[in-house]
Amino acid sequence: MEPPGKLSLKENIIAIPWQGKLNFADKNYINYTLFPVKESLVLEFINFVTTRYTPSASATDSVIVKEKDYETVLSYKVRIDSTWFGIEYLKTKRTLTFNTHYSQEFSDTCRRLIERISKDFNNALSKGKYQEHFLPFPDEAPTQVSTKF
């Protein structure tokens, strides 16, 4: 038994689930970012969005379009109702971003959908879903301290 007033560390700390971040650059721009993630989360996120928000799309509708698959970036556009959204994965930064597609004019409808989807996906993440697609947080470079005066 530890004496009163002495602190001891416990080894059995349980990590909380990863969450995405909703970013507001200004009133005309909003995005949802997930970091650090594996590329495998891209298709899981697309599936999450399309199964929940495009249920009326027929098999012939163009709902998902793969735009780029380069060495450093993978991007898709996804249509929800009549609005196009972009899903971009930066391979070197291990970051997935969901926002209004660059070909689409931003609107309050876009903002509300991004907010709703980010809230719903974070809710799924908080229940432990999709956690296997996250990577350990990258170590930051050690800071060099000069001892010369």
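No lab work stands behind these numbers, since they all come straight from the coordinates. Keep in mind the model is a prediction, meaning the values are calculated, not measured. Here the Cβ is made from the backbone with ideal geometry for all residues, glycine too, and neighbour counts use every protein chain on show.
The table below lists the values:
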{"read-out": "Nearest-0.05 FRET efficiency for K127 and S82, computed from C-beta distance (R0 41 Å)", "value": "0.85"}
{"read-out": "Approximate spin-label separation R116-E39, in nm, with each point projected 7 Å along Cα-to-Cβ", "value": "3.2 nm"}
{"read-out": "When region 21-133 is reduced to its Cα atoms, the Kirkwood hydrodynamic radius in Å", "value": "14.3 Å"}
{"read-out": "Pairs beyond 27 Å (Cα-Cα), from K21/K127; K68/K127; K27/K129", "value": "K68/K127; K27/K129"}
{"read-out": "Theoretical gain in end-to-end length, E71 to L22 [0.36 nm per residue, Cα-Cα removed]", "value": "15.0 nm"}
